Amino acid sequence: MIVYMGAIQGKKLEPVICPLCNGYSTKILTKFEKHLNDEHSTTTQKLWDKLNGGPHKCQCQCGTQTLWYGWKIGYSKFVIGHNANVYSSYSKEEADKQIEQRSASLRGRSTWSKGLTKDTDERVKRRSEAISSGVKESFANGRTAWSKGLTKDTDERLAIAATASKEAFASGSRTSWHAGSSAKTDERILKKNSELSQKYSNGDLTQWHSGKTIADDPRIAKFWAARDPVSEYSHIRFSNEEIEKQLENNVSLSLERIDSYRNDRKPALHVRCRTCNWTSKVALIFARTDRCPICSPAGSIGQNQIADWFESLGIKAGRNVAGIIGRQELDIYSLQHKLAIEFNGLYFHNVASGKDARYHQTKTERCQKLGISLFHVFEDEWYEKPEIIKSIISHRLKLSKNKIHARKCSIVELSIQKRREFFTANHIDGDTNALFSYGLKYNDQIVAGISVRKPLHREANTLEIARCCTLLNTSIAGFVSKLIAGVKKEAINRGFNNLITYVDTRFGGTGVAYENAGFTKIGTTPPRFWWTDNHKRYNRFKVRADSSRGLSEAQVAEEFGVVKIYGCNNSVYRLSLI
């Protein structure tokens, strides 16, 4: 094969003269290389190195040898990718000059791939796959980025780049790609938020403050204050004198003594009611409420609010009914509808107050034996989502204001934004990430929805129904079966063989709607649990053992000042798609 020296369009072919003998010249590179080999026992690269002080190193000062491009050109200036930020290698004047030259050469032009992606263009897809494969192989062989292990404090190039970037953002000459956008206006941000949320839910990522205390990081105080606006003192240790000062103006509770105080969530204070002489060992956060559980029972306000609303529907209901399931009371009970409601206050229903993992499940089972449907309401969800609670109870009583049949609805696919809006407003657990979701549309309104995700336990070839519900105060006969029909088609198209779903029995659900859609009950899970700080509940993944510090789950929970609170079993249903 003959290679010509000036094989560049618009360039005149110039001869090359051998610098070693001055008597040989040719325009053909391969002949010149043969001459050097035969007459001088060398190569073009070795000769170039000798004459020009080669081989050359990358101008970003990483010390890596650059690529050899032949006698005419010599070596490249940079290793591929190292010239991205010219400020890391040149003075500001020289860098500005290079940037202007690059800009001038590209101004008014666009690359052939502009606007194309690997999903819309086969060439871009092939290139993307090739780059991905090369990068993976490179890292697998032990190669790393030149900057790995370096910081702006240890490497001048990174310091220059960091300073230039900071100044650019400060001056406004550079902005982030998402500046001025939000999840509501940009699908990319919405997708990224959803991906991150799912990773946190799965436990693949942890919060920056995970496992830390105020002693480790002063930002923790602000963090807890933001999560717990009720108490500005959350998770801060106080001396006995400081505790006494905080409680000196209590009207109902007097402080008797303090035992082994650690934080404001751990019971350590002996208090006495000034009215009824009730005594108990409580946490500082409870003592601050200055409320006796006998004279003013915890949760009684929320419980009575539900009972008052219940009776506003024209239904007779007993309060604190004893003797139905033995010694335990039913907070609200309708004999006519065989429906009971248990109001679970977060302080008196967590494990620290003596309610073990099966307390609520056992009460549910005792009711079931008598044909009573027991509906559990947690204190925080009643105060945060009362309309959803009312809607679910109304449905159990067959008192939904709007009644529709699924055959009058059309099935539509929901966008991420529509899915989030619907489940946030209508599902007791809010929204969660999903692979896809569908809704039922009636009179141009979404009246029911279903979302599907990969199971958190990573079961092969299986999808999980993550959320399924109707619009508030709306009863739709057959809506589950109609939505499942759409889900089945999409799941099969995506190559999945099974669908599973979990029915939370704390709402008195029996799973009959899923059985009508072809599902079979395959088992039950242990009682579901959350973490609580007595004000609200947090996802079970929020607290985990910290092996890096040798801390157990219980020790980490104690640091955060949270304890477990349990619900009921989940019934597990499966539908085979093949």
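TYR87 is checked against (1) modelled with pLDDT under 75; (2) assigned to a loop (DSSP other than H, G, I, E, B) and fails just one. What number does that condition carry?
Failed condition: (2).
I want to confirm something. Restricting to the range 456-500 and keeping residues that are assigned to a loop (DSSP other than H, G, I, E, B) and under 17 Å from SER576 (Cβ atoms), which single residue is modelled with the lowest pLDDT?
GLU459
Would you check which residues across the range 427-455 are of a type in the set (Ser, Thr, Tyr) and in a strand (DSSP E or B) and list them? Break it down into steps so the answer makes sense when it comes.
From the range 427-455, those of a type in the set (Ser, Thr, Tyr) are 432, 437-438, 442, 451; that's our starting set.
The answer is SER437, TYR438, TYR442, SER451.
Let me spell it out: the conditions are (1) among the hydrophobic types (A, V, I, L, M, F, W, C); (2) at pLDDT below 80; (3) closer than 30 Å to GLU14 by Cα, and TRP68 meets all of them except one. Which number is the exception?
It is condition (2) that TRP68 fails.
Does ILE392 satisfy the criteria of being touching a residue at least 24 places away in the same chain (Cβ under 8 Å) and not in a helix (DSSP H, G or I)? Before the answer, list the steps.
Working: touching a residue at least 24 places away in the same chain (Cβ under 8 Å): yes; not in a helix (DSSP H, G or I): no.
Judged against the criteria, ILE392 is not a match.
For the range 300-321, indicate whether the set of residues that are surrounded by 14 or more Cβ atoms within 10 Å (Cβ to Cβ), among the hydroxyl-bearing types (Ser, Thr, Tyr), outside any loop (DSSP other than H, G, I, E, B) and under 37 Å from the mean Cα position of the chain (by Cα) is non-empty.
So far as the range 300-321 goes, yes, one or more of its residues are surrounded by 14 or more Cβ atoms within 10 Å (Cβ to Cβ), among the hydroxyl-bearing types (Ser, Thr, Tyr), outside any loop (DSSP other than H, G, I, E, B) and under 37 Å from the mean Cα position of the chain (by Cα).
Could you figure out which of (1) within 30 Å of ARG419 (Cβ to Cβ); (2) surrounded by fewer than 15 Cβ atoms within 10 Å (Cβ to Cβ); (3) at pLDDT 75 or above isn't true of ILE189?
Against the list (1) within 30 Å of ARG419 (Cβ to Cβ); (2) surrounded by fewer than 15 Cβ atoms within 10 Å (Cβ to Cβ); (3) at pLDDT 75 or above, ILE189 comes up short only on (2).
Would you call GLY345 closer than 30 Å to ARG528 by Cα, at pLDDT below 80 and in contact with a helix residue (DSSP H, G or I) (Cβ under 8 Å, 6 or more places away or on another chain)?
Considered against the rule, which asks whether it is closer than 30 Å to ARG528 by Cα, at pLDDT below 80 and in contact with a helix residue (DSSP H, G or I) (Cβ under 8 Å, 6 or more places away or on another chain), GLY345 comes out as no.
Considering ARG274, ARG291, which residue is out of contact with any Asp or Glu (no Cβ under 8 Å at 6 or more places or on another chain) and more than 28 Å from PHE560 (Cβ to Cβ)? Lay out the reasoning, then the answer.
Details: ARG291 fails: more than 28 Å from PHE560 (Cβ to Cβ).
Within the list ARG274, ARG291, the selection yields ARG274.
Find the residue count for the range 409-426, including only residues that are within 12 Å of ARG467 (Cα to Cα) and not in a helix (DSSP H, G or I). Talk me through it step by step, then tell me what you get.
Just the residues of the range 409-426 that are within 12 Å of ARG467 (Cα to Cα), to begin with: 419-420, 422-424, 426.
Next cut, not in a helix (DSSP H, G or I) only: none.
Counting residues in the range 409-426 that are within 12 Å of ARG467 (Cα to Cα) and not in a helix (DSSP H, G or I) gives 0.
Answer yes if at least one residue in the range 157-170 is exposed (fewer than 12 other Cβ atoms within 10 Å of the Cβ), modelled with pLDDT under 80 and of a type outside the set (Asp, Glu), and no otherwise.
Checking the range 157-170: at least one residue is exposed (fewer than 12 other Cβ atoms within 10 Å of the Cβ), modelled with pLDDT under 80 and of a type outside the set (Asp, Glu).
With the requirement that a residue be among the hydroxyl-bearing types (Ser, Thr, Tyr) and buried (at least 16 other Cβ atoms within 10 Å of the Cβ), what does the range 255-266 give you?
Hit for the range 255-266 is TYR261, nothing else.
For the range 367-398, enumerate the residues that are surrounded by 16 or more Cβ atoms within 10 Å (Cβ to Cβ) and more than 34 Å from the chain's Cα centre (by Cα). Reasoning before the result, please.
Keep residues of the range 367-398 that are surrounded by 16 or more Cβ atoms within 10 Å (Cβ to Cβ), which gives 367, 372-382, 385, 388-396.
Matches in the range 367-398: CYS367, ILE372, SER373.
Scan the range 361-384 for residues that are part of a helix (DSSP H, G or I) and touching an Asp or Glu at 6+ places or on another chain (Cβ under 7 Å) and report the count. Write out each step before concluding.
First, the residues of the range 361-384 that are part of a helix (DSSP H, G or I): 361-369, 379-384.
Next, only the ones that are touching an Asp or Glu at 6+ places or on another chain (Cβ under 7 Å) stay: 363.
Count: 1.
In this structure, does SER201 turn out to be in contact with a helix residue (DSSP H, G or I) (Cβ under 7 Å, 6 or more places away or on another chain), within 30 Å of PRO455 (Cβ to Cβ), at pLDDT 65 or above and in a helix (DSSP H, G or I)? Give the derivation first.
On the way: in contact with a helix residue (DSSP H, G or I) (Cβ under 7 Å, 6 or more places away or on another chain): yes; within 30 Å of PRO455 (Cβ to Cβ): yes; at pLDDT 65 or above: no; in a helix (DSSP H, G or I): yes.
The answer is no for SER201.
The values are calculated or read from the model by the stated rules, or taken from the named source; none is laboratory data. Note that the structure is predicted; figures quoted are calculated from it, not measured. Every residue, glycine as well, gets a Cβ built from its backbone with ideal geometry; the counts of neighbours run over all protein chains shown.
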